[in-house]
Amino acid sequence: GAGVSQSPRYKVAKRGQDVALRCDPISGHVSLFWYQQALGQGPEFLTYFQNEAQLDKSGLPSDRFFAERPEGSVSTLKIQRTQQEDSAVYLCASSLLISPTEAFFGQGTRLTVV
Amino acid sequence: GESVGLHLPTLSVQEGDNSIINCAYSNSASDYFIWYKQESGKGPQFIIDIRSNMDKRQGQRVTVLLNKTVKHLSLQIAATQPGDSAVYFCAEASFTGTASKLTFGTGTRLQVTL
């Protein structure tokens, strides 16, 4: 596709349920980023991949959050035992090179934990 | 559509007037500064960036000014149009060989009135 694609677009999860959010970056893009955006806030960095290597996961809020990009293309963000405070929009972005300055963002997945 | 932010600072501008959106940043070591536009239900969209060794950069209808002395960034939009209505975020970009991230500031909602 022409842009970054995220699925599902919306996800409602019961508290305690595990969820998996998918990101299809732009083909050939080396860098992939995950951000979390709470309502009324700017996006906050979660994790960064360079090809299949997860080089920075300093923004993951707890060990319930896990991300992978096994073949250096599609990435999955998994949240285990979801809590209400996990409710947010999860944004994925990719860029051709290492720099995040030309990153293209997907539309995000809105997660609501009830 | 869903709201990007309910309690953001809001700037109301009449169509055709110029808009100035301000941002304070914290990390004097950032390499780049970027302005993003985010419409409701969409991911952030790149508008313009500026390297840390510059103080002004112009694009189509937009100008970014960087004042490193007071750690201040501004976005000027000329002849504001209804399509410019959105939430605007500034972001600091930093990257090395193993780390790459954007740090977003507090957004500003721009409302263009007819």
Once you order the gyration tensor axes a ≥ b ≥ c over the Cα atoms, which shape class does chain A get: rounded for a/c under 1.5, otherwise prolate or oblate by comparing a/b with b/c? prolate
Determine the shielding of peptide B:36-45 by partner chains: average, over its residues, the number of Cβ atoms on other chains within 10 angstrom of each Cβ. 5
Loop GluC sites (Glu not before Pro), the stretch A:6-81 (other Cβ atoms within 10 Å of the site Cβ: 10 or fewer; DSSP): A:71
Which lysines have a Cα less than 29 Å from the Cα of residue B:37, not counting those fewer than 8 places away in the same chain? A:11, A:57, A:78, B:56, B:68, B:71, B:101
At 1.4 Å probe size, what's the solvent-accessible area of residue B:90? Round to the nearest 10 Å². 10 Å²
If you count, for every residue in A:100-112, the Cβ atoms of partner chains within 10 Å of its Cβ, what is the mean? 5
Enter the accessible area per residue of the stretch B:18-113 (Å², integer; probe 1.4 Å; all protein chains in place). 46 Å²
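Say a site is exposed when it is one of the trypsin sites (Lys or Arg not before Pro), sits in a DSSP loop, and has at most 13 other Cβ atoms within 10 Å; what is then the longest site-free stretch of chain A? Provide the component values of the computation, followed by the final result.
Details: sites that count: A:9, A:14, A:15, A:81.
So the longest stretch without any such site is A:16-80.
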Length-normalised contact order of chain B, Cα under 8 Å, at least 6 apart, in percent, tallies to 36 percent
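List the chymotrypsin sites (Phe, Trp or Tyr not before Pro) within the stretch A:78-114 that DSSP assigns to loop and that have no more than 12 neighbouring Cβ atoms inside 10 Å. Mind showing how you got there, number by number?
Numbers: sites: A:90, A:104, A:105; in loops: none.
Here no chymotrypsin sites (Phe, Trp or Tyr not before Pro) fit, given the DSSP loop and packing criteria.
The values are calculated or read from the model by the stated rules, or taken from the named source; none is laboratory data. Keep in mind it's a predicted model, so treat the numbers as computed, not measured. Here the Cβ is made from the backbone with ideal geometry for all residues, glycine too, and neighbour counts use every protein chain on show. These area figures cover heavy atoms from the full protein model, side chains too; ligands, DNA and RNA do not enter into them. Shrake-Rupley method; radii C 1.70, N 1.55, O 1.52, S 1.80 Å.
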